[in-house]
1. Under the √(5λ) rule applied to the eigenvalues of the Cα gyration tensor, what semi-axes describe the equivalent ellipsoid of the stretch 142-215? Give them in Å, descending.
2. Provide, as a two-decimal number, the C-alpha radius of gyration of the stretch 1-117 over 2.2 N^0.38 Å, N being how many residues it has.
3. How much area per residue is accessible in the stretch 34-180 when the probe is 1.4 Å and only protein heavy atoms are counted (Å²)?
4. Quick check: Cα centre of the stretch 105-168 to Cα centre of the stretch 12-44, how many Å?
5. Sticking with the crude label model, points 7 Å out along Cα→Cβ, report the distance from Q10 to L31 in nm, one decimal please.
6. Once you have the Cα-Cα distance between A194 and R141, take 0.36 nm times their residue separation minus that, and quote the gain in nm to one decimal.
7. With a 1.4 Å probe and every protein chain kept in, tell me what percent of the accessible surface of the stretch 157-198 is carbon plus sulfur.
8. When you take every Cα atom in the stretch 50-124, what is the radius of gyration, and what is Dmax, the widest Cα pair distance, in Å?
Amino acid sequence: MNTIFSRDRQIKSMELTVSHAEKYLGQFCSLLASYTRKTAKLRDQADMLVRQLNDFSNTEDPELRTCLKNLAEDLAMVQDYRQAEVERLESKVVTPLKAYGDIVENKRADLKRFNADRDRALKELQKLEKLQQKNPSDRQRISQAEVNAQKATNDAHRSTRQLEETISDFQRQKLEDIKRIFTDFITVEMVFHAKALEVYTHTFQNLDSMDIDKDLELFTGRIRVSEGPLDNQTLLPSSMAHQPSPTLGSSLKHTAESAKKSRSSILQRQRVVEEEEEDEEEEYESEIEAQQSRQSYASQYTQILRQKN
């Protein structure tokens, strides 16, 4: 009987081990599950940002349009990495922690079974003690009570040894699992942030290389009010309308000068049109070159994969 009660401290230690595991691993599971869900929500918000960037870029001039489209592609690529992060957190962190709900229940069942064996042994010992005090001469009943008490005590000892082994295995498994779970958690986070940093570094360089002056020049050209040639008649003073008609010679001279000015004006307008067309072609070519020189990280990564295949 003394041997059974002398193990009370060890039993309490086992119960505390199981209780602490149930409490803190359950809290870790809840917190990390929430962490994973919020990471998934962040991915969804970033996807919405990608769509808005693409829509806005279509309304802007070449420089900003190129940079925003590259930014959108790179952000979309980071969200692919974030999706992988969510899936790995779920499989490598949250799921193993969830499994401890069933594991803890099994250990509590083992503790309950041990306590039942110990209570049975205690009752048999108390029964034997009372019988010895009341009927010390009844050897047959005392002998039977001793056999029952011995059997119950042996069962309690055997249950104790099994419980010690079970709790030791549980502690070893808990230590290994906690080490592995949080190592996987840190590894998943490191992989995501390393890849995201790689993409964002390239994206930062793309944004930094944007030539604001080019877009500003195009915008200024669109909003500037053009000053076209005015009609010659509008420049004549009102007094000229009341002057006498010119002679025939002066009329012919004036007609020749007007024809000459008209031809000169037509040639000038043709040159202006040709220059504008050349400027548009140069602008288009420069836009293509700018887009080719500032590719998104996602585009370059795709090209590298295709070359490898």
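The values are calculated or read from the model by the stated rules, or taken from the named source; none is laboratory data. Quick caveat, the model's predicted, so the values are computed rather than measured. For neighbour counting, all protein chains shown are included, and Cβ atoms are generated from backbone atoms with ideal geometry for every residue, glycine included. For accessibility, only protein heavy atoms count, side chains too; no ligands or nucleic acids. Shrake-Rupley method; radii C 1.70, N 1.55, O 1.52, S 1.80 Å.
1. Computed over the stretch 142-215, the values are 71, 8, 4 Å.
2. On the way: Rg = 25.7 Å, N = 117, 2.2 N^0.38 = 13.4 Å.
The reported ratio for this selection is 1.91.
3. Numbers: 8910 Å² over 147 residues.
So the stretch 34-180 comes to 61 Å² accessible per residue, rounded to a whole number.
4. Rounded to whole Å, the Cα centres lie 38 Å apart.
5. 3.4
6. Details: separation 53, 0.36 × 53 = 19.08 nm, distance 7.78 nm.
Gain on extension, A194 to R141, equals 11.3 nm.
7. Numbers: 1530 of 2700 Å².
For the stretch 157-198, the apolar C and S fraction of the accessible surface comes to 57 percent.
8. 28.5, 93
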